[in-house]
Structures are given as C-alpha cells and as structure tokens.
Amino acid sequence: TANPKQLVRDPGLLVVSNRMPVSVKRTAEGSYRLDKPSGGLVTGLSGIDKGASFSWYGWPGLPVPEEELQDLRSVLKEQHHAVAIPLDDDLADLHYNGFCNSTLWPLFHYEGCFSYNRGDWEAYQRVNQIFADRLAADCVDGDVVWVHDYHLMLVPEMLRKHGLLFNKKITIGFFLHTPFPAGDHFKILPTCKELLAGVLGSDMIGFHTASYAKNFKATCTSILGHKISHSKVFLGKRSVHVKVSPIGIDPDSFTRELAKPELRRLSDSLRDTYKDKRVLLGIDRLDYIKGLPRKIEALTQLLSQQPEWIGRLVLIQVVVPSRQDIGENQELFSTLNRLADEANRQYGKSVSATYHDLLTHIIFSGSDGYQPVTLLHSNVPFNELVTLYNAADICLVASTRDGMNLVASEYVASQQEHERKGVLVLSKFAGAAEQLAGSVQFNPWCLDDMVDALTKALTMSESERASRHEQNRKFVVQNTR
Ligand code: G6P
C-alpha cells in the first residue's frame, strides 16, 4: 500500500553516499555533535542545488540507538537535508573497513595491500541492499537518485529491480569519485562481474576523467561482453550513458574568505615568518595513496643535492586524520613522524614548543630557528586552510593514484592575481593532472623526477609562474561544481 506521505511529495533529487554531508560524533558527555567529514566527496557535492525535494542519504558514521536517532533525524533533515541510514556496528565495520577500504580502495588505486574475503563481500551486499530498500521505499515517481562512490556500487541495479517491481519511473545516476582501473587489473577481484552489473543498473554513469571512463567501458566488454559505442554501453533493450564530468570546487568561497581582514592578517603574518624562505605546502588525508613519505624524502634529497636551499625551504604538511582503523594508515603515521624527525635533525635548528592552534604553531616554528618539515596531524578549519594555501609558494600533490584531488584546485583558487602566483607541483597520477595543464607534473614513483619538478618550480621565472597560474585558474573558475 502507498505511503500517504509519498503522495504529497514532488519528485526531487535523492543523493546517496556512504556518508551523509555531516558525520554524527558522540561527545564525552554522551550527547551528539555533527561534523563535516573530510574528503573530496562531501566537499565536491556541497554546492548541489538543494530544492524542496532534495535529500542526502547516508550512514551516520556510528551506531545510534533508535530512540536517540529520532531526535537527531529532525535536526539532520531540517538543517542538512540529510537522512540517516543506521547500520549495525559489526556490519558497518565489515562493509567500510572491510570490503570498501581493504578491497576496493587499494584495488582501484593499484595498491598491493589489496585483500579479499567472502565475509566482507557479503556485508557489502547486505549494506547495499539496506540502502536500496530504503530508497525504494522513499522514492516517488519522477525522482532522480544519484548514487556516489565505491561504497554503493550494487545499489543502482538493486534499486532498478525495486523500480520495476513497484512500477515507479525513477532515473538512476552513479558517480565514481576514485579512479576506475584497467580491466586486466580490475578482474583480480573475484566479484568483478557483480560489481559491474550493479553499476550498470544506472541510466547514467559519471567519472572524473576520460581514462577512467575508457577503462570502465572496455571492462564492460572484456568482462561482461557488452557492446559499447562512443559514450554508451548496450545491454539488450537498454543502454547506459557513460559521461566524463570532473568534479569542481566553489572558487568564490575561497575569494570571499581571502577578502576578510582577519584572513589577510593571518596570511601576512605567516608570510612574515617565512619572509626569507620558500614554503612548500601539502594538505592530504592520512592515506597511503597520497605519497606522503615521498614528499619528505624528496625535500631531503633536494636539500642534500642543493645545499643552497638549507635554511630557505620548508615543507608544511597537514595530515588530516582519516580511516584510522586501517593498519596501513596507522603505520604510515609513524613512518611520517620518523622521516620528519630525521629531516629536522639533519638539516634543522631545533624548535621545541607545540601549540594547539595550528597557525600559531607554524608561525612559532618558522620564527624560531629552522625546521625543514612541519607535520600537522589535524583537521583544518576553512579560514586556516585558505591562509595556508594563500601563503604557500608551492603546493605539492604527490598521490601515487588519486581520483581527482581537489586540494590542487583549492590551491589555485586561493592564489590571488596580484600576489606571488604559486606553482602547483602535481603527480601525473592524480585525476586533476588531466585538467590542470599549468601544473608542473611529475611521476611520484621516481624521486629524482619529483626533485626535478620541485627545482623547476623553485627557479621558475615570474612570467612563467603567471602564465601557468592563469591556465589553471581558467579551468578552476569554469569548472565549478
Ligand atoms: C575521499 C575519496 C572518496 C571517498 C571519501 C570518503 O574523498 O576520494 O572517494 O568517498 O574520501 O572518505 P571516508 O572518510 O568516508 O572514508
């Protein structure tokens, strides 16, 4: 029987991703707090036009008892258009830490720590079914359901089956925020057919770059035997449109922040601290795909080969806590601390104090002696993020693979026309490299290549910096979200 609430709702857009636009956190006092999750997916989608019938479905991020969930639901809906799909803790763990982040994430980024087990796969299927069932119950005729990312690849087909069952006309889109690997690599996955069939339940599938879309279409032929044309995959009576649509940022939000007097003050003060130095900046989630150790190794190699930079070049690396239950990320954190300590002992003059406030800490470290590497393991509030981007001479993105990488665009958006026009030094294997042609690109698997790219950025003429920046800026302002 029809739910009377559904009859009064106009058709609208239902965005679905593993996380909602806000994550629910429990405070020490036992109440709840809502935080913006880190990562490009939520940033990239936050500019969506939120009409009256817009909802964003996702997992709250922790188990919330049903009676407490009721109170949260109205806050989520009214303030964030968000609808929580609660999951049992063990199931969420097998889905998120298991199949999503121990199987699909390393597989899609060509990382050797890929592992597979049937229990995780079963949990993945169950979670996808829970999402699809909930959406099928809430959908009305004419809705557009837009499913996001590798956590929910089976949802489109599961939903289509429901759609046929209940005779609702809904349009289903799917967007992958990660790379899609080459077919020869993708077929390592024992359930590769099921995943492809799951995504092909959509009417339209989007990727960040032409090479991910090409890999996907070729895989549909080589693994499932489907015919493909330029932008379509043919499945008997139906065809699926495959589209390249690189995600963008909202550059105006950076320009507005830069215009605030408080931000100018912070940025000037940071520049003043580093007035006789060049600042290399990195902002990344703590993740083994981000090439973080290599950044410190490249700086160390550069200082050893070109000692004229000792005392004149610093790396500020923000490491945003992420997926902390993944063993590889925990190991990575100790490796980074060790490498930073070694570099600072070898080339620095010791700096002692630590402050809670991020910028105070940097300003202090910069002014007291020389510390080649400053590692900040922290979330960064937006004003501090823009200050760092604005003050940096070079932004270094060293991902060994990365779906897009919005840090690259955010850096470009935070460099003002009349200022120094910082250089973006960008891994060839970040999706953004297909778009930001003004960047200096390098192969992150080759340390010498990274050192060459940094040297080029450090010694580039002002006119070359300006023309490269202009090329990047054009893309960032035209390709907004
Ligand atoms: C990054 C990735 C996305 C992913 C998101 C989720 O932005 O590029 O593909 O969906 O992280 O992060 P989480 O914190 O939920 O694991």
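The values are calculated or read from the model by the stated rules, or taken from the named source; none is laboratory data. Keep in mind the model is a prediction, meaning the values are calculated, not measured. Note that each Cβ is placed from the backbone with ideal geometry, even for glycine, and that neighbours are counted across all protein chains shown.
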### Query
Which number in (1) surrounded by 17 or more Cβ atoms within 10 Å (Cβ to Cβ); (2) in a loop (DSSP other than H, G, I, E, B); (3) away from the ligand (no atom under 16 Å from the Cβ) marks the one condition that Cys220 misses?
(2)
### Summary
Thr387: passes all of (1) within 26 Å of Leu45 (Cα to Cα); (2) more than 16 Å from the ligand (Cβ to nearest atom); (3) at pLDDT 95 or above but (3)
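Let's see how each residue does on (1) buried (at least 17 other Cβ atoms within 10 Å of the Cβ); (2) under 20 Å from the mean Cα position of the chain (by Cα); (3) more than 16 Å from the ligand (Cβ to nearest atom):
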{"residue": "Gly44", "(1), (2), (3)": "yes, yes, no"}
{"residue": "Asp49", "(1), (2), (3)": "no, no, yes"}
{"residue": "Leu87", "(1), (2), (3)": "yes, no, no"}
{"residue": "Val127", "(1), (2), (3)": "yes, no, no"}
### Query
In this structure, does Leu76 turn out to be more than 12 Å from the ligand (Cβ to nearest atom) and either touching a Gly at 6+ places or on another chain (Cβ under 9 Å) or closer than 21 Å to Asp250 by Cβ (or both)?
no
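Yes or no, residue by residue, for (1) within 16 Å of the ligand (Cβ to nearest atom); (2) in a helix (DSSP H, G or I); (3) β-branched (Val, Ile, Thr):
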| residue | (1), (2), (3) |
| --- | --- |
| Lys193 | no, yes, no |
| Ala197 | no, yes, no |
| Val233 | no, no, yes |
| Pro246 | yes, no, no |
| Arg256 | no, yes, no |
| Glu262 | no, yes, no |
### Query
Is at least one residue of the stretch 90-106 of a type in the set (Asp, Glu), out of contact with any Lys or Arg (no Cβ under 7 Å at 6 or more places or on another chain) and within 16 Å of the ligand (Cβ to nearest atom)?
yes
#### Entry: Enumeration of residues in the stretch 410-451 that are of a type in the set (D, E, K, R), at pLDDT 95 or above and assigned to a loop (DSSP other than H, G, I, E, B)
Lys428
## Note on the structure
Taking the stretch 331-342 and keeping only residues that are surrounded by fewer than 18 Cβ atoms within 10 Å (Cβ to Cβ) and over 17 Å from Gly112 (Cβ atoms), one is left with Phe333, Ser334, Asn337, Arg338, Asp341, Glu342
### Query
If you scan the stretch 140-170, which residues turn out to be more than 14 Å from the ligand (Cβ to nearest atom), at pLDDT 95 or above and of a type outside the set (A, V, I, L, M, F, W, C)?
Pro156, Glu157
## Note on the structure
Note on the stretch 288-314: residues over 22 Å from Arg401 (Cβ atoms) and not in a helix (DSSP H, G or I) are Gln306, Ile310, Gly311, Arg312, Leu313, Val314
#### Entry: Among (1) over 21 Å from the mean Cα position of the chain (by Cα); (2) within 15 Å of the ligand (Cβ to nearest atom), the one test that Asp35 misses
(1)
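For the stretch 89-97, check the following and say yes or no: at least one residue is assigned to a loop (DSSP other than H, G, I, E, B) and either over 19 Å from His177 (Cα atoms) or within 21 Å of the chain's Cα centre (by Cα) (or both).
no
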### Task
With the condition kept exactly as written, say whether any residue in the stretch 99-112 is loosely packed, with under 15 Cβ neighbours inside 10 Å and not charged (D, E, K, R).
yes
### Query
Just to be sure, is Leu396 out of contact with any Asp or Glu (no Cβ under 6 Å at 6 or more places or on another chain), more than 16 Å from the ligand (Cβ to nearest atom), part of a strand (DSSP E or B) and within 30 Å of Ala182 (Cβ to Cβ)?
yes
### Task
Kindly indicate the residue of the stretch 171-191 that is within 14 Å of the ligand (Cβ to nearest atom) and not in a loop (DSSP other than H, G, I, E, B) and also nearest to Leu45 (Cα to Cα) among those meeting that condition.
Phe175
### Summary
When Ala137 is run through (1) away from the ligand (no atom under 16 Å from the Cβ); (2) closer than 30 Å to Leu107 by Cα; (3) out of contact with any Leu (no Cβ under 7 Å at 6 or more places or on another chain), the failure sits at (2)
### Query
Would you say Val407 is in a helix (DSSP H, G or I) and more than 19 Å from the chain's Cα centre (by Cα)?
no
